[in-house]
Amino acid sequence: MSNALPVLVERIKAAASTGKLLRIRGGGTKDFYGQSLQGEILDTTALTGISSYEPSELVVTVKAGTLLAELEAVLAEKNQCLPFEPPHHGLTWGGEDIVPLFARAQTTVGGMVASGLSGPSRASSGSVKDFVLGVNMINGKGEELRFGGTVMKNVAGYDVSRLMAGSMGTLGLITEVSLKVLPIAPAEATLKFECSQTDAINMLNAWGAQPLPLNASCWIQEAGVGLLYVRLRGAVAAVEAAVKKMGAQQGGVLQNATSGNATVTADWQALRNQSMDFFKLQGDECLWRLSVPDTAPDLHLGLAQNCLVEWHGAQRWVKLPYSEVTRIRNQVNNLGGNATLFVAAQAVNTPENGNISSQNRVVFNPLKAPLNRIHQELKRQFDPAGIFNRGRMFADM
């Protein structure tokens, strides 16, 4: 580790001087995600280890190349966790066709922050950026920079550390990150309700206005029947009271009353990692990730069995061919949301064979002019030579 940082700095300086493109990469588990893959790989996996961990302060500082699984194991020993449940893309991601590609790949902490992806509890617990306290990074000039710190109220001016969350490596190389952690909830329960997608959204919004320990939700059609799963987490008394109240209101069937039910826990983990059967694509199907207001009605974009709703209605997954892109984006944009082409049909190739997402597909919602100007200027300030992850977010960057 001691020699890894200087080597990376020198490679970045050399690339900036010649204009050589670099592709920042940790475990490589998110190579499927984004517009295109360009440049020589800049491997971060030598940046490993937990720099500091203060359980009593609920703060951990960790090197970017550290495996997410290793970090979570250390936190679990102190009965703590990353409450936003970042997905572990890798061994079981997406289906039989994808497993061999990532057979030895695992998600890194740097990739977790750079992708900005959160799991089922995001609507209740917050997103990745909400838990980023500080980052160390190398910009496109080869300069080592530090933003933020190890406490919540430490920012004067722009909160650049959180800007790195979801930047897809386009602004710089994250070398170390400080994260807020939380204790694992003492109680957990999952309720199951048979209902339509419309009824599920209405129920979730009604519960959201009440003092209930809602943590995660998922509506999906199974064997032709619409089912809503709701996970509760919190104090024992709060969870027990919510189980009785919600069950009595809606005729819910209690699946489990503690976090010790292995089957139910595995189901939530499969949703978190997008490894459940729903996420397996067939033919010309693409997987679309839709961010909409949680009160938005059923979008009626496809067959019910091709839709999955989570984040209490704020995130909708839809399986439709790319030919439907205009209809999807128009409908979502009219609601004030955005649509991401999360996985393109037939997009899985080995990274060595080139781009995973074809350049002629628009993966992310095009930015409006004012936001695009800010985006372009940030890129120029952090990476003036334009060497980092060119084209990963948008075709021209």
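Miscellaneous remarks
- Taking the 1.4 Å solvent-accessible surface of the chain as the whole, the part contributed by carbon and sulfur is 52%.
- Kirkwood hydrodynamic radius of region 122-218, from inverse mean 1/r over distinct Cα pairs, in Å: 16.5 Å
- Computed from the Cα positions only, the extents of region 4-62 along the three principal axes stand at 46, 29, 15 Å, in decreasing order.
- Extension gain for T263-L367 works out to 33.3 nm (0.36 nm per residue, less the C-alpha to C-alpha distance).
- Per residue solvent-accessible surface (Å²) - region 27-78, probe of 1.4 Å: 39 Å²
- FRET E, pair N330, D43, Förster distance 45 Å, beta-carbon r, rounded to 0.05: 0.65
- Basic side chains Lys and Arg get +1 at the Cβ, acidic Asp and Glu get -1 at the Cβ, and with that the dipole of the chain about its Cα centre reaches some 880 debye.
- Residue pairs exceeding 28 angstrom between C-alpha atoms, taken from K20/K180; K78/K129; K244/K280; K180/K245; K63/K280: K20/K180; K244/K280; K180/K245; K63/K280.
- Placed amide H near V343: partners under 5 Å, 5+ positions off or other chain: L287
- For the pair L227 and A69, a Förster radius of 30 Å applied to the C-beta separation gives a FRET efficiency near 0.50, rounded to the nearest 0.05.
- Potential lengthening between L163 and S56 on full extension [0.36 nm per residue; Cα-Cα distance subtracted]: 35.8 nm
The values are calculated or read from the model by the stated rules, or taken from the named source; none is laboratory data. Note that the structure is a prediction, hence the values are computed from the model and not measured. Virtual Cβ from ideal backbone geometry, glycine too; neighbours counted across all protein chains shown. What goes into the accessible areas is simple: the full protein's heavy atoms, side chains included, and nothing from ligands, DNA or RNA. Shrake-Rupley method; radii C 1.70, N 1.55, O 1.52, S 1.80 Å.
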